[in-house]
């Protein structure tokens, strides 16, 4: 059902949307309780009633149907490979939108622009063969495949960020994302909660915001996570390495991140300018200088962009593990 809250006022507001929302929140928290013999929640949750309702027909043009999680995870591939056994659950939220609205003389124009963003976002999501679960203003919830038509879920995030920027025509407000990679048979409510926590507890608290926070729960039980700002050089290097590996332009040594972990204390203790020479000493076999030279060079550049302290190395290892999942490794 739809419940609307109304109130009358003769007051004047500098920013009606922001000021009135506080009043509406207060009204909503003091909703009266109605006593009745009918269990309206039972009726509302009745499947047949929902499917036959005028709201469903108006929204979907008939009885709604929804794709299964394994179908979403499959992307555009006909064959199930390991990367297609995972689904990306995405939460997105605008950064500093309230401050941006406060500076605008016409808040209705901001509302119109956000609506334009929502319409464009749905098209972007559909093009990627993902499913929009919720699209409203600057808030998004999306179920998406990790891979689709040669693109990764990170390409989807970049496209949505570009849609948001173009719609609002500003850099003052950006989009931050919380993303969980989850095995498609993993309990959905836990994956949703993890994705939401990743957004609001990690990405939204990242310095400068405009961040992508990723949490990955593998089918084996192993988990890892990282967060990076989309305007940071490290994010660009991560995207370049990902595309290079997936296009098979670059090959990486087997278990390269485990090899690097063995020398983590060494990297912590050296200055930034010695990362390159340390790489050369660790990966000094002929195959490293030929077959794996390009890949190792790109990993080195990514480490230099992130830094070599303990927390930065953890981010690097998580990024490399993410690329392995996208590549289809188990």
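If you check 302, 306, which single one turns out to be closer than 12 Å to residue 241 by Cα, out of contact with any strand residue (DSSP E or B) (no Cβ under 7 Å at 6 or more places or on another chain) and touching a residue at least 24 places away in the same chain (Cβ under 8 Å)? None of the other options fit; the residue is 302. Condition (residue is farther than 17 Å from residue 121 by Cα, assigned to a helix (DSSP H, G or I) and not assigned by TED's automatic domain parsing to the domain that holds residue 323) applied to the stretch 159-178: is it met by at least one residue? No, that holds for no residue.
For the structure I just gave you, tell me whether residue 241 is in contact with a strand residue (DSSP E or B) (Cβ under 6 Å, 6 or more places away or on another chain), closer than 30 Å to residue 160 by Cα, outside any loop (DSSP other than H, G, I, E, B) and touching a residue at least 24 places away in the same chain (Cβ under 8 Å).
On the way: in contact with a strand residue (DSSP E or B) (Cβ under 6 Å, 6 or more places away or on another chain): no; closer than 30 Å to residue 160 by Cα: yes; outside any loop (DSSP other than H, G, I, E, B): yes; touching a residue at least 24 places away in the same chain (Cβ under 8 Å): yes.
So residue 241 fails the test.
Scanning the stretch 247-264 for residues that are surrounded by fewer than 20 Cβ atoms within 10 Å (Cβ to Cβ), touching a helix residue (DSSP H, G or I) at 6+ places or on another chain (Cβ under 8 Å) and outside any helix (DSSP H, G or I) returns 249, 251, 253, 263.
Conditions (1) part of a helix (DSSP H, G or I); (2) over 25 Å from the mean Cα position of the chain (by Cα), marked per residue:
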{"position": "224", "(1), (2)": "no, no"}
{"position": "245", "(1), (2)": "yes, no"}
{"position": "296", "(1), (2)": "yes, yes"}
{"position": "311", "(1), (2)": "yes, no"}
{"position": "325", "(1), (2)": "yes, no"}
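If the condition is being assigned to a helix (DSSP H, G or I) and surrounded by fewer than 16 Cβ atoms within 10 Å (Cβ to Cβ), then the stretch 265-281 contributes 265, 266, 268, 269, 272, 273, 274, 276, 277, 280, 281.
Would you pick out the residues in the stretch 248-267 that are over 14 Å from residue 319 (Cα atoms) and without any contact (Cβ under 8 Å) to a residue 12 or more places away in the chain? Matches in the stretch 248-267: 248, 254, 262, 265. Looking across the stretch 169-180, not a single residue is over 16 Å from the mean Cα position of the chain (by Cα) and surrounded by 24 or more Cβ atoms within 10 Å (Cβ to Cβ). In the set (1) touching a strand residue (DSSP E or B) at 6+ places or on another chain (Cβ under 7 Å); (2) farther than 23 Å from residue 229 by Cβ; (3) at pLDDT 95 or above, residue 94 fails one condition alone, (2). Is it fair to say residue 49 is assigned to a helix (DSSP H, G or I) and modelled with pLDDT of 70 or more? The answer is yes for residue 49.
Among the numbered conditions (1) crowded, with 16+ Cβ neighbours inside 10 Å; (2) under 30 Å from residue 88 (Cα atoms), the only one that residue 288 does not meet is (2).
Evaluating residue 139 against the criteria (1) touching a strand residue (DSSP E or B) at 6+ places or on another chain (Cβ under 9 Å); (2) within 24 Å of residue 240 (Cα to Cα) leaves one unmet condition, (2).
The values are calculated or read from the model by the stated rules, or taken from the named source; none is laboratory data. For clarity, every value in this text was computed on a predicted model and none was experimentally measured. No Cβ is skipped: glycine too gets one built from the backbone with ideal geometry, and neighbour counts run over all protein chains shown.
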